[in-house]
Every structure is written in C-alpha cells, then in structure tokens.
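The values are calculated or read from the model by the stated rules, or taken from the named source; none is laboratory data. All values reported here derive from a predicted model rather than from experimental measurement. Quick reminder, even Gly has a Cβ in these numbers, built from the backbone with ideal geometry, and neighbours come from all protein chains shown. Just the protein is used for accessible areas: all its heavy atoms, side chains included, with ligands, DNA and RNA removed. Shrake-Rupley method; radii C 1.70, N 1.55, O 1.52, S 1.80 Å.
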Amino acid sequence: MTGLLDDIKAMAQLREAQGGKWETIKPEYAARMRAQNRFHTGLDIARYTAKIMREDMAAYDADTAQYTQSLGCWHGFIGQQKLISIKKHFGTTKRSYLYLSGWMVAALRSEFGPLPDQSMHEKTSVANLIEELYTFLKQADAWELNHLFRALDEAKEAGDKSKEQELIGKIDNYETHIVPIIADIDAGFGNAEATYLLAKKFIQAGACCIQLENQVSDEKQCGHQDGKVTVPHEDFLAKINAVRYAFLELGIEDGVIVARTDSLGAGLTQKIAVTNEPGDLGDQYNNFLDGDVIENAADINNGDVVIKQNGKLVKPKRLASGLYQFKPGTGEDRVILDCITSLQNGADLLWIETEKPHVGQIASMVNRIRQVVPDAKLVYNNSPSFNWTLNFRQQVFDAWQEEGKDVSAYQRDKLMSAEYDETELGQLADEWTRNFQRDSSREAGIFHHLITLPTYHTAALSTDNLAKGYFGDEGMLAYVKGVQRQEIRQGIATVRHQDMAGSNIGDDHKEFFHGDAALKAGGKDNTMNQFG
C-alpha cells in the first residue's frame with residue numbers, strides 16, 4: 001500500500017492530465033477516500049486474510065504460545081465492535097479472528113425465524129453474513145481513518161509540523177480491522193456439488209477459511225446434541241475436494257479448510273462404506289459397525305444387510321430409521337481415523353467436537369494423530385454448551401481425590417453452588433479455566449480457540465439487565481448508569497452513535513462534493529457534541 005503523500009502526488013498528476021476538467025477535484029480528498037477503501041471485493045479480502053492465517057499457522061508451529069482466538073458474531077455491528085475493542089485494548093488485531101457460527105445463523109438470521117442447528121436455514125444466509133461482517137469492518141477502517149484525517153487537518157491548521165508528521169506516519173502504517181473469518185458451512189448443505197457452489201459464495205464474500213463437518217447433511221445436528229450421524233470417509237473427502245476446487249477456481253491458492261469430526265459423540269452412520277479389499281479405508285470404517293456374527297444362512301432374514309468384518313460374516317445393527325449403529329466405545333478411534341484421513345487428503349486444520357473441555361482428553365487424541373501427521377493442529381470450540389464452572393471444579397475435585405487429598409468438604413455433584421466460589425477448590429478451578437487456552441495450545445495442539453456463540457449470550461444478558469431496571473424502579477437511571485455512563489468512562493466509541501454510524505464521514509464527503517455549500521450534520525446543534 002502506497003503512502004498518503006505519494007497517493008496525493010499521483011492524484012494531482014492524474015488531475016493535471018485532464019486539462020482543467022477536474023479542477024474541483026482535490027487530490028488529497030481523493031487519496032483519503034482511497035485509503036478508506038482498501039479492499040474492493042471479497043476476493044481481495046480472502047487473499048489478504050488467507051496469507052495472514054498461513055503465517056499464523058507457521059508461527060504457531062514454531063511457538064505454541066502464538067495461538068489465535070476468535071469470538072462468534074451474528075451481526076456485522078457485533079463483529080465490528082469486537083475488532084474496535086481489540087485494537088483499543090491491545091493496539092493490534094494480530095492473531096484475532098472472527099468466527100461465523102452456523103448455529104447462530106440458524107437461531108438468529110433465518111427468514112424462517114429461530115431454528116435449531118440442523119442446517120434448515122437458507123444456504124446463502126451464511127455467505128450474506130460474511131459479506132455483512134466485512135462491510136462493517138471496512139466501515140470501521142473508514143471511521144478510524146476519518147478521525148486521523150480530521151486530526152491531521154487540525155495539526156495543519158495549527159502549524160504543528162511534528163504532529164502532522166506523526167499523523168501521516170499513523171495513516172501510512174494503519175492496521176486494518178479486516179481479519180480472517182472461519183466460516184461454518186455445516187455439512188455442506190447437500191452433495192459435493194452443492195458444497196462447491198456454496199463454498200464459492202463464501203469465498204466471494206471474503207472467507208479465507210471454511211469449516212466442514214462429517215455429518216450427513218440432511219441429518220445434521222448440533223455438535224453438542226444427540227442423534228448425530230456421520231458419513232463414510234469417501235463422502236467427506238469429496239466435499240473437502242469440492243471446497244479446495246472452489247478456492248483454486250477463485251484464485252485463493254492458500255485458502256484454509258478445517259475438517260471437523262463429530263465421531264466422538266456420533267453413534268450412527270447412514271451408509272456402509274464401499275470397500276475393495278481388506279484394510280482399505282472403507283473396510284476400516286465398516287469394522288467400527290456394531291453387528292451380529294452370522295453362523296449360518298438361516299440367520300439371515302429378508303432385507304438384512306451382511307458384510308465381511310475381520311474375516312467373518314456380520315449382520316450390522318440397523319435401526320428402524322435405516323441407520324446403522326457403531327460399536328460402543330469406538331468414538332475416539334473413529335476420531336483418530338477421521339482426522340488422519342482428512343489431513344492426508346487436503347484439509348489444513350482439524351476440529352474435534354468434544355463433550356467437555358479437558359486438556360488431557362484432547363491431548364490424548366492429538367498425540368495419536370501426530371504419530372502419523374506430526375504438524376496436526378486444531379481449531380477448538382470453547383463451547384457455551386459446556387458448564388465451564390462445573391467441569392473445572394469437578395476436574396480439580398477428581399485430581400485432588402486421585403492425589404489422596406481430603407475432599408470431604410465438597411460435594412462433587414453440587415460444585416456449581418455459589419458457596420464454593422471463594423473456596424480453595426473454586427479458586428483453583430478458576431485458575432485452570434484462565435489457563436485453559438494457554439495449556440491446551442501447548443499440550444494439545446490447539447492453534448485456534450473460539451467461542452461459537454458468546455455474543456448470543458452477551459446480548460441476552462445485557463438486555464435482561466437493562467430491561468429489569470428500565471421497566472422497574474430504576475427507570476431511566478438503568479440506562480444512564482448501566483450503559484451510557486459506562487460507555488463514557490470506558491471510552492466506548494458507540495456513545496457517539498451518530499459518528500459511529502458514519503455521520504462525520506458523510507459530512508466530510510459533503511465538503512468534498514459541494515465545497516463551501518455543504519450542509520453538514522455535525523454543527524453546533526448536534527447533541528453528540530455533549531460527549532466531547
């Protein structure tokens with residue numbers, strides 16, 4: 001990206017070449033507008049963010065402390081405010097991503113109304129949200145740069161050359177709010193062709209990373225609910241290929257694919273895999289099927305399906321739904337096979353959906369995968385479906401009990417109680433929770449930590465608190481004390497909501513377009529001036 005002064009010079013030369021027809025065009029204004037609109041298409045964004053993500057993956061391989069993080073966002077404004085907050089508090093957006101959850105799209109963005117996480121929402125609603133998120137992030141760039149440009153004008157007017165140079169340096173080295181999005185394509189919304197077509201929509205909207213799961217598309221369930229049905233590897237690999245072809249067709253050669261396995265909690269499959277010889281991938285999949293050994297032909301009834309399993313004829317257990325059942329206790333072995341197979345066939349990162357946040361459990365699986373694929377690494381769901389408080393208190397309880405420490409003061413099944421908050425056990429559990437991301441990235445190969453639906457919960461919580469006070473005895477004080485006063489004191493940009501929505505940018509454009517005749521919104525009668 002060229003510097004502001006170079007761009008102004010180039011614009012001046014372009015204006016001069018028009019022989020006087022562009023005399024009302026000011027090169028500095030044009031250069032400013034260009035700086036505020038760095039990314040012209042979703043593909044520009046996908047190329048830029050794919051490079052970031054690949055660099056971050058390499059950095060993590062060299063140092064596991066360099067893990068990445070994201071929060072799930074269900075609206076462009078939520079994603080925008082998250083990135084503004086990160087820049088404000090940490091001075092950079094490095095290693096901070098956005099996560100786009102299919103669960104939240106289903107629950108909050110479907111034209112059918114609130115839906116469960118079962119791929120019933122419109123296919124294009126996720127791609128539309130990707131585009132919306134990046135629209136808001138680009139607006140955050142324009143908003144922040146606009147403040148820098150206004151400060152630059154003030155420095156020029158005051159004749160402060162030092163401040164002027166400082167601000168030009170900030171503009172030239174400006175860090176964008178545009179970051180990678182990990183986008184949830186569920187199980188692909190149909191066959192491999194449907195997955196390919198939808199993946200293209202994702203990428204064209206700006207996604208550099210697509211997460212795909214190995215459930216049956218038309219039986220899709222939330223990863224933290226029962227009834228999950230997986231597909232044979234050949235079906236899943238076809239969809240991984242479809243996503244890769246979509247990336248390559250659109251020129252995103254370093255696009256990232258996250259292969260998610262739900263096998264740990266899935267006890268069913270829709271199909272018996274195709275197998276040509278003992279030990280091939282289809283045969284390994286079929287060997288996990290639960291069934292009864294056939295001793296003689298009389299044991300075979302009309303409509304029964306029979307397969308050869310470890311040299312024996314077996315009748316797989318088939319439910320009334322037509323689905324087949326896996327052997328109990330095979331979930332972890334199926335996860336390992338899923339992960340190795342996906343990485344060996346084009347996936348870049350893994351997602352293992354677990355039933356609890358336990359570093360040891362995750363590490364035990366990752367270590368087995370790394371025996372075959374040494375650089376295997378995970379995207380991990382720090383899920384709100386886990387009761388984090390109870391889980392970690394029980395983990396501490398179990399560890400103490402195994403050490404022989406006296407735990408008689410605690411009731412394991414009642415550890416959620418507030419009475420344990422200030423106890424030694426409660427405080428240690430909180431410390432384990434605080435360190436979970438650091439510990440699991442070091443010990444269990446987790447490259448990226450995300451919370452799938454945090455802003456769903458924060459929106460509900462903050463709205464509940466405001467409604468309770470505003471419609472109760474506090475009245476207007478509930479908003480003033482709980483919201484506006486906090487915005488002012490914590491430096492939250494939305495307190496000047498007109499500015500956040502772009503009114504100052506619009507005023508500046510009016511000046512660019514109309515000159516002295518511009519009718520601006522930000523004059524003395526604008527009540528936003530009360531906030532400084």
| Longest exposed-site-free window of the chain, the sites being GluC sites (Glu not before Pro) in a DSSP loop that have at most 10 other C-beta atoms within 10 Å | 112-252
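Over the chain, what is the relative contact order in whole percent, taking alpha-carbon pairs under 8 Å and six or more residues apart?
Working: 827 pairs, mean separation 76.8, N = 532.
14 percent.
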| Carbon and sulfur together cover what percent of the accessible area of the range 406-519 at a 1.4 Å probe radius? | 52 percent
| From the phi of every residue in the range 405-418, what ³J(HN,Hα) in whole Hz does the Karplus formula 6.51 cos²θ - 1.76 cosθ + 1.60 yield, where θ is phi - 60° and glycine or proline is x? | 6, 5, 10, 5, 7, 10, 9, 4, 7, 10, 5, 6, 4, 4
| Residues of the range 153-206: accessible area per residue with a 1.4 Å probe, Å² | 43 Å²
| request: Would you calculate a helix-derived [θ] at 222 nm for the chain, using -39,500 (n - 2.57) for each DSSP H run of n ≥ 4 and dividing by the full residue count, to the nearest 500? | output: -15000 deg cm²/dmol
| Taking amide H positions as placed 1.01 Å from N in the peptide plane, with prolines and chain starts having none, which residues 5 or more places from residue 73, or on another chain, fall under 5 Å of its amide H? | 99, 101
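Calculate what fraction, in whole %, of the accessible area of the range 1-139 sits on carbon and sulfur atoms when a 1.4 Å probe is rolled over the protein chains.
Carbon plus sulfur share of accessible area: 56 percent.
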| remark: the range 1-140: relative contact order from alpha carbon pairs under 8 Å, six or more residues apart, as a whole percent, is 20 percent
| query | Helix 4-16 sits at what angle to the longest principal axis of the chain, using alpha carbons and giving 0 to 90 degrees rounded to 10? | reply | 60 degrees
| task | Mind ranking 176, 64, 2 by accessible surface for me, highest first, 1.4 Å probe? | result | 2, 64, 176
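For the range 353-408, with every protein chain kept in place, what is the accessible area per residue (1.4 Å probe, Å²)? Write out the running numbers ahead of the final one.
On the way: 2480 Å² over 56 residues.
Here the residues of the range 353-408 average 44 Å² of exposed surface.
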| remark: For the chain, the longest principal axis of the Cα atoms and the Cα long axis of helix 424-434 enclose an angle in degrees, to the nearest 10, of 70 degrees
| message | Could you work out the pair-distance distribution P(r) of the range 409-467 from its alpha-carbon pairs, with 10 angstrom bin width and percents rounded to whole numbers? | response | 18, 26, 40, 15, 0
| message | Against the empirical 2.2 N^0.38 Å scaling, what ratio does the C-alpha Rg of the chain come to? | response | 1.16
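Length gain on complete extension for the stretch residue 272 to residue 14, per 0.36 nm per residue less the alpha carbon to alpha carbon distance?
Working: separation 258, 0.36 × 258 = 92.88 nm, distance 6.62 nm.
Using 0.36 nm per residue and subtracting the Cα-Cα distance, I get 86.3 nm.
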| field | Globularity ratio of the range 324-462, using Cα Rg and 2.2 N^0.38 Å | value | 1.20
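Net charge near residue 64, counting Lys/Arg +1 and Asp/Glu -1 over other residues with Cβ under 14 Å of its Cβ? Let's see the in-between values first.
Details: positive: 95, 370, 377, 438, 442; negative: 56, 61, 63, 375, 439, 443.
Result for the neighbourhood of residue 64: -1.
Can you give the relative contact order of the range 267-414 as a percent, counting alpha carbon pairs under 8 Å and 6+ residues apart? Could the numbers behind the result be given before it?
Details: 142 pairs, mean separation 25.9, N = 148.
Worked out over the range 267-414, it gives 17 percent.
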| In nanometres, what is the gap between the two model label sites at residue 327 and residue 422, each 7 Å from Cα along Cα-to-Cβ? | 5.4 nm
| said: Please list, in order along the range 122-128, the HN-Hα scalar couplings obtained from phi with the Karplus expression 6.51 cos²θ - 1.76 cosθ + 1.60 (θ = phi - 60°), rounded to whole Hz, x for Gly and Pro. | reply: 4, 4, 7, 5, 6, 4, 5
| remark: One computes Rg over Rh for the range 1-158 from alpha-carbon atoms, with the Kirkwood Rh, and obtains 1.08
| note | For the range 459-468, in residue order, the Karplus 3J(HN,Hα) values (coefficients 6.51, -1.76, 1.60; θ = phi - 60°; whole Hz; Gly and Pro = x) are 4, 5, 5, 5, 5, 4, 5, 5, 4, 4
| Per residue accessible area of the range 1-148, 1.4 Å probe, in Å² | 49 Å²
| task | May I ask for the longest run of the chain untouched by trypsin sites (Lys or Arg not before Pro) that are loop-located per DSSP and have at most 15 neighbouring C-beta atoms (other than their own) within 10 Å? | result | 95-316
